[in-house]
Amino acid sequence: MHQDAWTPLMGPRLAPDEHLTFTTAGNTHNAFVLWFAQGLCAALERHGHAFIAADASGGDETIESPPARLVLNLCDIDRPRPIHRRGQGTFVVTIVEGEADQQDVMKAAYPLILRSLANMVIYNTRVDGVLESHFVTIEQGHYTVRLDGDEHVFFDQIYRRIQPLACSHLVINNKFTPDLPDHLWNGDDATRQISWAGRKLDGMGLLPAAIPIQEYLSERELRHVKRLYGIGGLSYGNLSARALHNPEYFWMSASGVDKSRLDIVGRDILLVTGYDPENLQINLSVPPHIEPRRVSVDAIEHYMIYREHPQVQAIIHIHAWWRDPIPSTQVNYPCGTYELAAEVAELVRRAPDPSRAVIGLKNHGLTITGHSIPEIFERIDGMIVPQVPMS
């Protein structure tokens with residue numbers, strides 16, 4: 001993983017103008033949503049994105065090939081139509097008009113992400129007569145843009161919020177090889193430290209209950225969400241530690257599991273052995289007798305950090321913030337994307353001591369590197385603010 005002469009990691013291979021295409025879907029007749037879509041489409045085109053027509057089939061919209069990078073899903077709030085895309089490379093933003101003076105936007109908007117199979121919802125409400133566009137993400141990010149005057153300026157601000165989706169590439173595919181040596185089937189000291197850390201985070205109140213997505217989705221939609229997002233459920237944070245038997249590898253918590261119960265190797269904790277840039281794929285070694293879960297979507301970020309910094313022995317990611325000023329990412333890229341991983345890795349690289357870095361992820365949380373998992377917990381004692389600032 002690390003090398004004597006470190007070289008940058010190969011990024012995603014892009015087709016010409018691949019990341020500059022968008023389309024619309026949905027059959028709403030809501031006048032506000034149609035007005036909003038017209039303004040946002042104009043902003044996308046001003047910034048160099050090209051509109052392409054999307055094919056649709058069946059009762060729900062299906063984005064066929066060639067896929068747009070971004071789909072604006074225009075919905076009625078009481079009937080958010082799901083978008084079934086053919087691959088993970090298409091990001092969906094659902095746009096709705098909510099009731100005026102909505103007091104609990106997260107409660108009203110978050111189920112729409114799941115029901116419309118979106119990456120983000122733009123929930124529009126008027127507060128004291130002023131339009132507020134609330135952006136809600138699958139990671140429970142929430143921030144707002146207000147229409148204070150110039151519509152042109154307003155839609156450029158909306159565009160800047162969704163631009164990262166239009167240009168991101170997910171690295172959430174997993175390749176499982178059932179070749180984990182039998183002496184590791186029950187883990188080692190590194191996996192036991194990860195298990196301990198999960199219980200520790202739970203005791204600190206940093207593991208909110210997983211969102212019961214099965215309550216909002218049909219069985220078919222739930223399968224689709226799991227495939228698109230690479231999840232077994234929605235949970236918070238992740239933990240990893242460099243493997244003791246091979247410093248080129250690292251152990252990492254699985255996606256969508258209860259982090260306070262990381263017990264079974266291959267299901268709850270997995271061994272990451274590499275990254276395949278051709279297929280945007282994380283390679284994993286698992287026991288032959290275990291049905292594996294997918295590794296955390298942030299595996300590509302941890303891979304980049306371990307690969308460049310041999311002195312980093314452990315990493316934790318939590319949805320919380322730091323009491324003191326810290327360097328932070330400036331673009332709100334989605335979890336599991338190459339772009340977010342590269343930006344975090346760059347900030348770790350610039351840190352005075354990359355092996356003990358504390359990096360903020362905008363509207364999201366913290367990535368913290370350390371010499372061991374217990375050493376990280378010693379440093380974060382008394383320094384964590386549970387509420388992530390949104391901007």
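The values are calculated or read from the model by the stated rules, or taken from the named source; none is laboratory data. As the structure is a computational prediction, the values presented were derived from the model and not from experiment. FYI the Cβ positions are ideal-geometry reconstructions off the backbone, even for glycines, and counts take in every protein chain you see.
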- prompt: Which of the residues that make up the range 264-295 are basic (Lys, Arg) and more than 20 Å from the chain's Cα centre (by Cα)?
  reply: Arg267
statement: Within the range 130-165, residues small (Gly, Ala, Ser) and modelled with pLDDT of 95 or more come out as Ser133
query: Being surrounded by 15 or more Cβ atoms within 10 Å (Cβ to Cβ), farther than 21 Å from His245 by Cβ and in contact with a helix residue (DSSP H, G or I) (Cβ under 7 Å, 6 or more places away or on another chain), is that true of even one residue in the range 187-198?
result: yes
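Which of the residues spanning the range 73-112 are in a loop (DSSP other than H, G, I, E, B) and at pLDDT below 85?
Within the range 73-112, Arg86, Gly87, Gln88, Gly89, Thr90 meet the criteria.
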- prompt: Taking only pairs six or more apart or across chains, which ones have beta-carbon atoms under 6 Å, a first residue in the range 20-44 that is farther than 15 Å from Thr90 by Cβ, and a second residue that is in a helix (DSSP H, G or I)?
  reply: Gly39/Phe155; Leu40/Phe155; Leu40/Ile158; Ala43/Phe155; Ala43/Asp156; Ala43/Tyr159
- request: Answer yes if at least one residue in the range 150-163 is β-branched (Val, Ile, Thr) and within 30 Å of Arg79 (Cβ to Cβ), and no otherwise.
  value: yes
task: Please determine, by comparing only the residues of the range 19-35 that are more than 20 Å from Pro82 (Cβ to Cβ) and within 26 Å of the chain's Cα centre (by Cα), which one is surrounded by the most Cβ atoms within 10 Å (Cβ to Cβ).
output: Thr21
Which numbered condition Ala342 fails, given (1) buried (at least 22 other Cβ atoms within 10 Å of the Cβ); (2) hydrophobic (A, V, I, L, M, F, W, C); (3) under 17 Å from the mean Cα position of the chain (by Cα): (1)
message: Considering only the range 215-231, I want to know if a residue exists there that is part of a helix (DSSP H, G or I), modelled with pLDDT of 65 or more, in contact with a helix residue (DSSP H, G or I) (Cβ under 8 Å, 6 or more places away or on another chain) and among the β-branched types (Val, Ile, Thr).
response: yes
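Looking only at the range 359-391, how many residues end up being of a type outside the set (D, E, K, R), over 19 Å from Phe250 (Cβ atoms) and outside any helix (DSSP H, G or I)? Break it down stepwise before answering.
The first filter runs over the range 359-391 and keeps only residues of a type outside the set (D, E, K, R), leaving 359-361, 363-374, 376-377, 380, 382-391.
Those still in the list that are over 19 Å from Phe250 (Cβ atoms) too: 360-361, 363-365, 380, 382-391.
Next cut, outside any helix (DSSP H, G or I) only: 360-361, 363-365, 382-391.
Residues meeting the conditions: 15.
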query: Considering only residues of the range 106-123 that are without any contact (Cβ under 8 Å) to a residue 40 or more places away in the chain and crowded, with 19+ Cβ neighbours inside 10 Å, which is nearest to Leu34 (Cα to Cα)?
result: Tyr123
Looking only at the range 62-72, and only at residues there that are closer than 21 Å to Leu44 by Cα and assigned to a strand (DSSP E or B), the one that is modelled with the lowest pLDDT: Ile63
